[in-house]
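Reviewing the structure listed below.
Taken together, the values in this text are just the output of simple stated rules run on the coordinates, not laboratory data. All of these numbers come straight from a predicted model, not from anything done at the bench. Positions of Cβ are generated from backbone atoms using ideal geometry, with glycine treated the same way; all protein chains shown enter the neighbour counts.
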Amino acid sequence: MALSRQSVAKTLEDVAARRPVLEPVLRAFEPLLTAQAQLTEDLAESVRATGLRLPELQPEAIQEGLSLLAGMPLNGLAAPLRSSAEKLLPLLAGLEAMAPHMAALEALLLAPVKKASKKKTTATAAPDPRESLAEAVLSGNSEQETRLAEQYNLDPSVLLFAFGFVLAPVLRALVAQSLPEEGEAPWDAGSQWKQGYCPVCGSFASIGWLDKPLVDEKNAYLAGGGGKKHLHCSLCGANWKFMRRVCPSCGKDGSGVMEMLRESEAAQGERLDWCTQCKSYCPTVDLREREGNPDLDALALGMMHLDMVAARKKLRPLKPSFWNTF
Ligand SMILES: [Zn+2]
Ligand SMILES: [Zn+2]
């Protein structure tokens, strides 16, 4: 966790140098990814002020595959969500598919924050729509998502696409504040979490990564050989350990279930891990095969040439992303 990550710009620059054909697409999304990374820092104070924390892990809930934020009330989150939307909506407006929906998105996401949203106990106070939508997304409540979309004359897929961008930095700030500074995340202790979706927010992994060998700096010996697989969530930024031979989509386990698809040259550890049983795939990077630690969200975008190969092979992404959804 303490490994220093490259910036979005540096990661995309490296990709563009190797794959010039992708440069226009990378440039189109770079401002959004950069703003999200910056917002995660800028919103830390405002998220802390809500008093919200990730709940403690419950062993039974973990066994059942219940993610931490499912069902949790998010009172107070309206203020940081509004700040996030203020910064990101103008950037989203630059995407052709989003432009016609900006007025409706602004009506929902930039509405004034009522003081009452901090205390929902009074029966008269209507819940804040941003908090209701965040709760619906994190609980997988698609009825509630659709209801809110209809209320604002938005197509649910458009609303969820835009809201994912706005919600991400807020959740990342919340996750960062709740994790111990040193050592592994609570869900990695004893590898209790066995799902292909995120232990925090329930979103499917957007990219996987195999870690580098671990050098113990105090004793200067190799503390671990590396190569352990982790999955990364592009919504809340959480990472979790995952078995290499298991499919993160259908959960099948065994030799021959997972296959690898990679370019023959200059792959730098980049590949797709795909399931022979359910035909889903997840981009994955073996960090043992490259210098530095890329920004994983930027790298997932930078691996879109493999998304195209996968589409030709009739494979489907574990987590549909903005560059192959719109
Ligand atoms: Zn997550
Ligand atoms: Zn599968």
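Brief remarks on what is shown
- Of all lysines in the structure, those lying under 16 Å Cα to Cα from K212, and not within fewer than 8 positions of it along the same chain, are K228, K229, K241.
- Once backbone amide H atoms are built at 1.01 Å from N, F204 has C198 as its partners under 5 Å, excluding neighbours fewer than 5 places away on the same chain.
- Tilt relative to the chain, helix 142-151 - C-alpha long axis, 0 to 90 degrees, to 10: 50 degrees
- Local electrostatic count, M243, Cβ distance below 9 Å [Lys/Arg +1, Asp/Glu -1]: +4
- Net dipole in debye of the chain [+1 Lys, Arg Cβ; -1 Asp, Glu Cβ; about Cα centre; nearest 20]: 440 debye
- DSSP loop GluC sites (Glu not before Pro) with at most 11 other Cβ within 10 Å: longest gap in the chain: 97-180
- Rounded to 10°, Cα long-axis angle of helix 78-92 versus longest principal axis of the chain: 60 degrees
- Structural descriptor for the chain: relative contact order 20 percent, calculated from alpha carbon pairs under 8 angstrom and at least 6 residues apart.
- 0 to 90° range, to nearest 10: angle between helix 129-139 axis and the chain longest Cα axis: 40 degrees
- 11 Å beta-carbon shell around G292, net charge (K/R +1, D/E -1): +1
- Options A111, P24, L12, ranked by Cα towards positive dipole end of region 1-123, top entry (Cβ charges): A111
- Inter-centroid distance (Cα atoms) of region 235-285 relative to region 138-198, Å: 21 Å
- Net charge dipole, region 255-326: roughly 460 debye, given to the nearest 20, about the Cα centre with Cβ charges of +1 for Lys and Arg and -1 for Asp and Glu.
- Neighbours of L22 by Cβ distance under 15 Å: Lys/Arg scored +1, Asp/Glu scored -1, total -4.
- Taking the DSSP bridge list for the chain and keeping only pairs wholly inside it, about 80 percent are antiparallel.
- Here the dipole of region 207-305 is about 420 debye; that uses its Cα centre as origin and unit charges on the Cβ of Lys and Arg (positive) and Asp and Glu (negative).
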